[in-house]
Every structure is written in structure tokens, then in C-alpha cells.
Amino acid sequence: LLDADAMTQLLRYSVGVLRRNLLNQDLSRQTSLNLTFLGRCFNSNDMPIDIRSKQNRKSLTEAEASEQRSDSETEENSQNKPSNIPAIQYLLHQLSSILRHEPPKLTVQTLLPKQSALDILAALISHTTISTLLPTLNSILTPLHHLTDPSIPAPRNPSEDFQSAYAALTASAEEVLQTIQKHVGDSEYVRARTEVTRQVRERREGRRTKRRIERVAEPEKAAREKKRRNERKVVDRKSVV
């Protein structure tokens, strides 16, 4: 039997494998099964995990650590907030982080961790108590919103394999949303979706405002950034497989 330390170590290792593996579908499938098993154990035993532990951060890349800080900054910076949270909440935050991560270029390979994360969420949501799920709900709904919002353009990649994989990804995201709505109830779901939509809109408007200010305050820098973005788009279009 696994003790708490062994389960925590396996959780960290499995999340890292799921996040970084882009090629081996069998490995992702087995890792997903491992994490689903752990998640159901966490739901049963209410095991806590120290989110401030260096061991829970040391294996992350700089970008991943930034995402994790963003996920839990409210929790960690709140007054009198304990450093321990249920391990199932930690796992849900990590799955959300995988879904939210945007690589420089989306390919079939980079969709593998996202699809695996959705599969695990689909398997765990219904088995997670509502009181445990609610603190992570906005974190989970945000990337699902980006995947399913028709006003957000789909990635441009003419590859049929990519289009098929991305369609499967968005279909899985819709299914997870339906599972969440059924589990938490219509009123809580609508409240959370409305809040996520508001936050997404505010962040988008904040980025637009920042770019407008930069164009006025630092026109040369803004011009360089615009040129860099356009050049990157051209490279991406030429390099699409």
C-alpha cells in the first residue's frame, strides 16, 4: 500500500510526465489511469498536500512554476490561509494548468497533454464532492471556456490530423462542462461561468489598453513588438505540417 509521502511523490511525478509527454500516447494513457486512480483515492481519504512545499515546485519549469503561482496566488496570499489543501484540489489545479498552457505553436503533439487532462477531469468530477470542487471551479472553467467559446477563433492549422484532434478536444471540453453543470447544479454553474466570462473579458480589455498605452508612450517598442508578432505568424503558417 502507498503511504501519503509515496502518493504525493507519485502525484508530482505523474503530473510532470503528463505535462511534458508529447509523443507517446501509451505513456499518456497509463499516466492518465494512474492520476485517475490517485484522484479517486484522494476523494476517499481526504489526503492533504502542502502547496508551499519546495518539493511540489522544484521539478517545474519556469513557465510551469509561474502558472502554478497564478493558480494558487489567491490561496497562498490570503490572510490566515493554510498552506495545506486537499490533494484532489491540487490535482485539479494542475490539470487546469495543463489545459491553460499555450505552447508557441499548437500541433497534434501539443494537444496530447490537454486531451489527457480532459479525460482525467471527466473521470474525476462526478466523484469529487461539491464543497471540494467549488474552490477550484473558476480555475477549471477558464480553459474550458477558451476551448468552447465560439467567439474565440480556433487555431489555424490546415492539417487534417490537427483539425480532427482539435475537434475531439473541444468535444471533450463540452462534455466536461456538461458533467460539471450536472454535478454542481445550474445556479452554481451559471454563476461560475458568468464570473469566468467577466474575468476573461477584463483581461482581454486590459491587454488592449496596455498595447494602446505602449503605442503612445513607446512607439518604437510597440512597432518592434508588432513586427515580431507578424513575423511569427508568417513563420507559423509556413511551418504548419
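The values are calculated or read from the model by the stated rules, or taken from the named source; none is laboratory data. Fair warning: this is a prediction, and the values are worked out from it, not measured in the lab. Cβ placement follows ideal geometry from the backbone for every residue including glycine, while neighbour counts extend to all protein chains displayed. Accessible surface is based on the protein model in full, side chains and every heavy atom, while ligands, DNA and RNA are left aside. Shrake-Rupley method; radii C 1.70, N 1.55, O 1.52, S 1.80 Å.
Considering each of Ser116, Ser131, Ser139 in turn, give the residue that is exposed (fewer than 14 other Cβ atoms within 10 Å of the Cβ) and among the hydroxyl-bearing types (Ser, Thr, Tyr).
Answer to the selection: Ser131.
Within the stretch 97-111, track down each residue that is of a type in the set (A, V, I, L, M, F, W, C) and open to solvent by 30 Å² or more (accessible area, probe 1.4 Å). Reasoning before the result, please.
Kept after step one, since they are of a type in the set (A, V, I, L, M, F, W, C), are these residues of the stretch 97-111: 98-99, 106, 108, 111.
Result: Leu106, Val108.
Within the stretch 1-35, how many residues turn out to be of a type outside the set (S, T, N, Q), within 15 Å of Gln94 (Cα to Cα) and open to solvent by 80 Å² or more (accessible area, probe 1.4 Å)?
Residues in the stretch 1-35 being of a type outside the set (S, T, N, Q), within 15 Å of Gln94 (Cα to Cα) and open to solvent by 80 Å² or more (accessible area, probe 1.4 Å): 2 in total.
Looking at Ala87, Ala63 in this structure, which one is open to solvent by less than 60 Å² (accessible area, probe 1.4 Å), at pLDDT below 95 and farther than 28 Å from Ser126 by Cβ?
Of the residues listed, the single one that is open to solvent by less than 60 Å² (accessible area, probe 1.4 Å), at pLDDT below 95 and farther than 28 Å from Ser126 by Cβ is Ala63.
Among (1) closer than 19 Å to Thr132 by Cβ; (2) open to solvent by less than 50 Å² (accessible area, probe 1.4 Å), which single condition is Thr170 missing?
So Thr170 meets the others, but not (1).
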